[in-house]
Amino acid sequence: MILDLHTHSIKSDDGRAKVRNYCQWVRTRNIPIDGFVLTEHRQFDFESDYSGLASDFDLVILKGAEVETEYGHVLVYGVTEPLYETFDFGSIGLPLEEVIEHCNAHDAVAAPCHPGRPRVGMSAHLAEHGVPKGVRIVEIYNGGSRGEEDAVAAAMADELGYIGIGGSDSHIVSHIGRCATEFPEPVTTEAELVAALKSERFRAITTR
Amino acid sequence: MAESIPTVNAIADVEFGGELPAFTPDTSIDATRRFGQHVGWNTPRFTDHDGARKEGLPGAIVPGVMSQGFLGAMIHRWAPTAEIVTIDTVFRAPVLVDQPHKITGVVTDIDEDELTVEIDLTVTNEAGETRVFGTATAKLPS
């Protein structure tokens with residue numbers, strides 16, 4: 001089961017992709033993923049129902065979020081209304097350790113993304129803030145990475161004992177599926193995704 | 001002999017997932033200097049590598065609106081009769097002058113009622129890094 005764990009639609013301020021077009025692209029181009037997670041910036045999209053598209057295109061479409069902390073950007077999986085009420089998803093300066101604590105308390109998972117990127121990645125902030133408590137998973141393959149960013153992320157994960165996921169970070173249709181995460185068992189709901197991530201049985205993959 | 005480029009002239013010619021002919025923009029310092037002269041931008045960041053480095057940049061950069069011009073030119077090479085309704089770009093990293101770049105485009109939506117197509121556009125450098133991405137909406141004859 002291969003899921004792109006990091007995508008953006010037109011719901012994000014810099015996203016330009018409609019979810020239907022993602023589905024059409026995956027099927028038309030035979031992109032080797034079974035589904036994707038919409039991780040819109042600084043919000044959780046409670047309104048949209050993509051079950052019809054998922055059924056029409058035989059794809060898994062899940063929802064998460066990408067929030068912003070003092071260590072850079074962080075993906076959150078397993079968002080629920082009670083979790084959403086515990087911190088301000090729209091803030092650009094959330095304390096990472098608190099985000100992780102809230103996620104743990106609400107059966108969600110927080111994973112720093114593109115951690116090798118200057119300014120918005122975790123590794124750039126380790127010297128100033130130290131190693132944060134509670135991180136288990138980081139994104140080691142990001143479809144938008146430039147230069148050595150993925151290598152920096154992988155080296156940091158290796159050094160600190162983190163497990164890696166992959167996601168395309170697509171903002172336009174044709175970038176979906178460049179990186180993804182492979183799970184040994186089917187993942188069809190947000191709860192199953194959280195359980196699969198907590199099991200720590202997965203591997204990051206890249207097609208770039 | 002002039003290069004022959006496949007073109008489309010009507011919306012019926014367009015397929016979802018169809019690729020526009022790839023475009024290699026002229027990112028030379030001469031080109032950005034000419035552009036600077038025409039639009040009145042003679043700032044070193046676009047026209048002089050040493051001057052740009054003094055501003056903290058890795059070298060001279062291609063102005064954003066010049067990159068958008070390349071995107072428009074690419075669409076019109078593919079569809080000469082198209083009316084470009086919008087070009088919407090996200091600049092992720094500078095397009096560096098005197099470094100080879102490639103622009104690719106693919107059709108990602110077709111609205112036959114409105115006679116419009118949506119095109120994904122990506123500017124990559126030689127390392128394959130995305131420097132600019134965006135979408136364009138173009139109107140085509142029926």
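Legend: distances between Cα atoms for A:Lys11/B:Lys102; A:Lys18/A:Lys133; A:Lys18/B:Lys54; A:Lys11/B:Lys54; A:Lys63/A:Lys133; B:Lys102/B:Lys139; pairs beyond 32 Å are A:Lys18/A:Lys133; A:Lys18/B:Lys54; A:Lys11/B:Lys54.
If you rank A:Glu68, B:Glu83 by how much accessible surface each has, with a 1.4 Å probe, what is the order from largest down?
Reading off the accessible areas and sorting them downward yields B:Glu83, A:Glu68.
The charge dipole of the protein assembly as shown, taken about the Cα centre with unit charges on the Cβ atoms of Lys, Arg (+1) and Asp, Glu (-1), comes to about 1040 debye, rounded to the nearest 20.
Across the stretch A:55-97, the fraction of Cα-Cα pairs farther apart than 12 Å, rounded to a whole number, is 65%. Short-range pairs are left out: with C-alpha atoms under 8 Å and at least six residues apart, the relative contact order of the stretch B:1-83 is 33 percent. Across chain B, Cα pairs under 8 Å and at least six residues apart give a relative contact order of 29 percent. Quick one: go through the stretch B:104-142 and flag any residue whose amide nitrogen is under 12 Å from the point 7 Å out along the Cα-to-Cβ line of B:Glu83. B:115-116, B:138-142, by backbone N distance to the label point. Comparing A:Thr28, A:Thr69, A:Thr80 in a Gaussian network model of chain A (Cα springs below 10 Å), the most mobile by mean-square fluctuation is A:Thr28. One compactness figure for the stretch A:65-127 is 1.04, namely its Cα radius of gyration divided by 2.2 N^0.38 Å. If each of A:Phe46 and A:Ser91 carries a label point 7 Å out from its Cα toward its Cβ, how far apart are those two points in nm? Using points 7 Å along Cα→Cβ, the separation is 1.9 nm. Working from Cα pairs under 8 Å separated by at least six residues, relative contact order for the stretch A:61-178 is 21 percent.
Reported to two decimal places, what Rg/Rh ratio describes the stretch A:44-167 when computed on Cα atoms with Rh from the Kirkwood expression? Dividing the radius of gyration by the Kirkwood radius yields 0.99. A P(r) calculated from all alpha carbon pairs of the stretch B:4-87, with 10 Å bins opening at zero, reads 16, 37, 24, 17, 5, 0 percent. The long axis of helix A:190-199 is offset from the longest Cα principal axis of chain A by roughly 50 degrees.
Where both partners of a DSSP beta bridge lie in the stretch A:59-126, what percent of those bridges are antiparallel, to the nearest 5? The antiparallel proportion sits near 90 percent. Each listed q (0.27, 0.35 Å⁻¹) maps to a log10 I(q)/I(0) for the stretch A:31-70 from the Debye sum over equal C-alpha point scatterers, namely -0.93, -1.15. Taking amide H as placed 1.01 Å from N in the peptide plane, the amide H of A:Gly64 sits under 5 Å from that of A:Leu38, A:Thr39, A:Glu40, each at least 5 places away or on another chain.
How large is the helix-only mean residue ellipticity at 222 nm for chain A, computed as the sum of -39500 (n - 2.57) over DSSP H runs with n ≥ 4, divided by its residue count, in deg cm²/dmol to the nearest 500? That comes out to -7500 deg cm²/dmol. Working from label points 7 Å from Cα in the Cα-to-Cβ sense, the B:Arg92 to A:Ile10 distance is 2.1 nm.
Within the stretch A:99-141, the ratio Rg/Rh, alpha carbon atoms throughout and Rh by Kirkwood, equals 0.99.
Relative to the dominant Cα principal axis of chain B, helix B:29-39 is inclined by about 80°. From its DSSP helices (H runs of at least four residues, each -39,500 (n - 2.57)), chain B gives a residue-normalised ellipticity at 222 nm of -7000 deg cm²/dmol. Just the number, please: percent antiparallel of the DSSP beta bridges in the protein assembly as shown, rounded to the nearest 5. Within the protein assembly as shown, antiparallel bridges account for around 75 percent of the total. Comparing B:Val39, B:Val123, B:Val14 in a Gaussian network model of chain B where C-alpha atoms under 10 Å apart are linked, the largest mean-square fluctuation is found at B:Val39. Taken over the C-alpha atoms, chain B has Rg and Dmax values of 16.3, 52 angstrom.
Applying Stokes-Einstein at 37 °C and 0.692 mPa s to the Kirkwood radius of the protein assembly as shown, computed over alpha-carbon pairs, gives a translational diffusion coefficient of 153 µm² s⁻¹.
Angle of helix B:64-78 to the longest C-alpha principal axis of chain B, folded into 0 to 90 degrees and rounded to 10: 30°. Values of log10 I(q)/I(0) for the stretch A:143-203 across q = 0.16, 0.21, 0.24, 0.30 Å⁻¹ run -0.64, -0.98, -1.09, -1.17, by the Debye formula with one identical scatterer at each alpha carbon and no solvent. One way to sum up the overall shape of the stretch B:71-142 is the equivalent ellipsoid from its Cα gyration tensor, whose semi-axes run 25, 12, 9 Å, largest first.
From the alpha carbon centroid of the stretch A:1-65 to that of the stretch A:141-188 is 16 Å. Take the convex hull of the alpha carbons in chain A; its mean projected area over all directions comes to 10.2 nm². The label point for A:Asp107 and the one for A:Lys198, both projected 7 Å from the Cα toward the Cβ, are 0.7 nm apart.
The values are calculated or read from the model by the stated rules, or taken from the named source; none is laboratory data. Because the structure is predicted, anything quoted here is derived from the model rather than measured. All Cβ positions, glycine included, derive from the backbone under ideal geometry; neighbour counts span all protein chains shown. For the accessible areas, the whole protein counts, side chains as well, though only heavy atoms, and no ligand, DNA or RNA atoms are used. Shrake-Rupley method; radii C 1.70, N 1.55, O 1.52, S 1.80 Å.
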